[in-house]
Every structure is written in structure tokens, then in C-alpha cells.
Amino acid sequence: MIALKKWLRLAVCSAVLASFLWAGSSAYAASSSVYINGHLQDNVITVQGHTMVNVRALTDPAWIVFAYDPKTRVVTVHTKDNRVFVQLREGEKTATVNGKPVKLDAPVVSKDGLTYVPLRFLTETLGAYIRYNPEDNRVIVRTPTGQAQYETLMRGDLTEARRIAIQLARVYGDAPSPKPGEGYHRHNYIFPEGEALRFIFDDSGYCIQYFEVNDEGLAILKWQYDTVADREWGTKPDFDKQVYFMNQFMASLFTYGTVDADGGYNEQGRIYLDNPKDDVLPIDGEKRTDAKP
């Protein structure tokens, strides 16, 4: 309950801040990148200079419930505790929130079978965390489940934080696209011992990339070596002690362990699976050292 109250206070403060940031600022709203729970939204649209997102982009089974009536063209969204009940009709610029009309920045849009609503309205009305990064023109949105995962990523259990880290959206900036190789057979993740917010991704040895997780919960590319093109970009990291997690999908094998000073792999365990996936397992004796305060 304490954690929920803390999250609600954060969400309310963030929404109030967002209302100041977004008021009359359609110039950046039209071209902002939107990340919801750490994932870039590819189907964001703009209407009258306002950022519109698909209602279901905020799907969080522990938080809200959706319904759509094709006869009336009304979308209903409500929190699971029924404290917030929203109704939206396609083409209209007014929503109903707990029985009262509320003006929208732009009319509700139906496109390719999806319903789009102004992002600011959804986040402020439902109480999601929202933050605008003017330097990179990014909007960061997190539902309650997404916020809980963010807390784990930043300061929680090491293994769980790493599992979240390798699934994060990756921001490549102006790094050149790597050239493809032949015979891809493994994915390898390497972390500094005790850390979750920095990692190397080795794609079958053809492309090796180093990422750092920023305060927004995004994995930012800092260094890349393209072995096919023999091309390096960025600043190579200097790790001391390291651990690895390797998905050898062509061999249906997952292995993990430590990496010595000479780059040799010291295996701690192996698992044979029909369909191995990118994963992280606990390493004996390892404790987290990079948790944020």
C-alpha cells in the first residue's frame, strides 16, 4: 500500500508537470518519440499538432480494462478499482470522465481498426507516469506495472534487473547500421560483475554493442564494433570482472558463467532447451553494486 501511494504521488506530480510542459507546445508534440513502459510506439500519430496514441498502448492488466462497442463506436476505459471511468466516441472532441464531459485537445480517431486518443489526456486522466525530455524530444510513459519494473531495474534484485535490461528499447542514435553476416547462431550478453545497468550484446560475433541504461529506463548505445565492415563507433567500455549469459539457439543450449581477465569463459551452468531464449540466471556469490539510491 505504501509503495502504491508513493507511485500515485509520483504519477500526480508528473502529470501536473506534463500539463505545463505540453500546454501550447504542439511544435515538439508532433515529432516526439513516445516510449510506453520502455517500448517505442511505432504507431503514434499526430492530429492538429497533438500526439495521439492507440488506447491499448497503455494495456496493463493490473491497472485498466478496455471495452469497445462497434454499434455506438464508443471506447470504454476504466481502472480496475472503478475509480476512473472514461468513455470516448470516435470523431468527437469531448470525453466523459466519471460521468462528466471533458474537452480533448483533438478528436478521437479511428485508424486501421485502432482508436487513437490524445496522449496527455490519457496519462493525466488515468494517472500514469509521464515525463518529457526536451533535449532528445522523447516522451516517457509508464503504467503502474511499468513503474514497478522500472524500480526493479534501477534498484531491485540483480537478476530481475538484468532480465528487464536486456528487454529494454535500444536507442542507437547516429551509429551506422551494422552489415549482416552469415550463420547467426548465438546471442551473448556480458555484464560487469554486480551490475545491471551496463551490458554488452554480442550477436554471433558479427556485431558487438555496448549499452548503458539511462534514467529514463532506455538502453543507449555507447559503442559498437561491426566485424563484417571492420568498423568501430563510440567509446569501448573497460569492464573489470564480468559475467555472461549465452543463448546458443542453433544448438538448443543456454550457458552462463564468468569471464576471466583474458576473455575466457568459465561456465557455471548449462541448460538444454527446445527453444532457448535470451535470459539471465543468478551467478554464485554475486551481489548488486550499481543500484540507484
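Residues to consider are Ala161, Ala175, Ala196; find the one that is in contact (Cβ under 8 Å) with a residue 12 or more places away in the chain, assigned to a loop (DSSP other than H, G, I, E, B), of a type in the set (A, V, I, L, M) and surrounded by 19 or more Cβ atoms within 10 Å (Cβ to Cβ). Write out each step before concluding.
Values: Ala161 fails: assigned to a loop (DSSP other than H, G, I, E, B); Ala175 fails: surrounded by 19 or more Cβ atoms within 10 Å (Cβ to Cβ).
Checking each option against the conditions leaves just Ala196.
Would you pick out the residues in region 107-143 that are at negative phi, surrounded by fewer than 21 Cβ atoms within 10 Å (Cβ to Cβ) and part of a loop (DSSP other than H, G, I, E, B)?
Hits for region 107-143 are Pro107, Pro134, Glu135, Asp136.
Quick check: is even one residue across region 83-100 surrounded by fewer than 18 Cβ atoms within 10 Å (Cβ to Cβ), of a type in the set (Asp, Glu) and assigned by TED's automatic domain parsing to the domain that holds His50?
Checked against the condition, which is being surrounded by fewer than 18 Cβ atoms within 10 Å (Cβ to Cβ), of a type in the set (Asp, Glu) and assigned by TED's automatic domain parsing to the domain that holds His50, region 83-100 yields at least one hit.
Please enumerate the residues belonging to region 79-103 that are in contact with a helix residue (DSSP H, G or I) (Cβ under 9 Å, 6 or more places away or on another chain) and closer than 17 Å to Ala128 by Cα.
If the condition is that a residue be in contact with a helix residue (DSSP H, G or I) (Cβ under 9 Å, 6 or more places away or on another chain) and closer than 17 Å to Ala128 by Cα, then Thr79, Val84, Val86, Val97 are the ones that fit.
Hey, can you tell me all the residues within region 266-288 that are out of contact with any helix residue (DSSP H, G or I) (no Cβ under 9 Å at 6 or more places or on another chain) and among the polar types (S, T, N, Q)?
Listed by number, the residues that qualify are Asn266, Gln268.
Please indicate, with yes or no, whether at least one residue in region 59-73 is part of a strand (DSSP E or B), assigned by TED's automatic domain parsing to the domain that holds Gly113 and either within 26 Å of Ala161 (Cα to Cα) or touching a residue at least 60 places away in the same chain (Cβ under 8 Å) (or both).
For region 59-73, residues part of a strand (DSSP E or B), assigned by TED's automatic domain parsing to the domain that holds Gly113 and either within 26 Å of Ala161 (Cα to Cα) or touching a residue at least 60 places away in the same chain (Cβ under 8 Å) (or both): present.
Please work out if Asp81 is of a type in the set (D, E, K, R), closer than 20 Å to Val108 by Cβ and modelled with pLDDT of 90 or more.
no
The values are calculated or read from the model by the stated rules, or taken from the named source; none is laboratory data. Note that this is a predicted model, so its numbers are computed, not measured. Because the Cβ atoms are built from the backbone with ideal geometry, glycine has one as well, and the counts that use them run over all protein chains shown.
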